[in-house]
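Everything below concerns the one structure shown next.
Every number in this text was worked out from the coordinates using simple rules, so none of it is lab data. These numbers come from a predicted model, not from an experiment. Every residue, glycine among them, receives a Cβ derived from its backbone with ideal geometry; neighbour counts consider all protein chains shown.
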Amino acid sequence: MPRKYADVERNITKKGFQKTESDHHFYTYYTTTNLRTAIRTKMSHSNRGASDISDNLISVMARQCCLTRSDFCKFIDCSLSQVQYEQILLAVGKIKPEDIN
């Protein structure tokens, strides 16, 4: 199911992603201890005027964030917390325990 552009942008920034402006909006993930990671996703400026982000782009963003599509949807719908996200990142080896302690 497509998601509203503004909702996705607002919710990922609430959970550790910080925006970097360029020809696209790049969002880099910072842990709860404010450590910058290599995890990033992007949202195109051209999509900003559109009200929805397509299912295909949601899937791409999920992969970029090291999540399944289902988990990414929970993340942007706020039923997956930042702490839970970091536990997933630990499990798949994208961050280390010392990165969040």
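Dividing the alpha-carbon radius of gyration of the chain by 2.2 N^0.38 Å (N being the number of residues), what value is obtained?
This ratio for the chain stands at 1.02.
Amide H of K4: which non-local residues (sequence gap of 5 or more, or other chain) have their own amide H closer than 5 Å, using H built in the peptide plane?
Those qualifying (amide H under 5 Å, at least 5 residues apart or on another chain) are I53.
Give, rounded to the nearest 20 debye, the magnitude of the charge dipole that the chain has about its Cα centre when Lys and Arg contribute +1 at Cβ and Asp and Glu contribute -1 at Cβ.
Roughly 40 debye for the chain.
Could you give me the ³J(HN,Hα) list for the range 76-83, computed from phi with Karplus coefficients 6.51, -1.76, 1.60 and θ = phi - 60°, whole Hz, x at Gly and Pro?
Taking θ as phi minus 60°, the curve returns 7, 8, 6, 9, 10, 7, 5, 5 Hz for the range 76-83.
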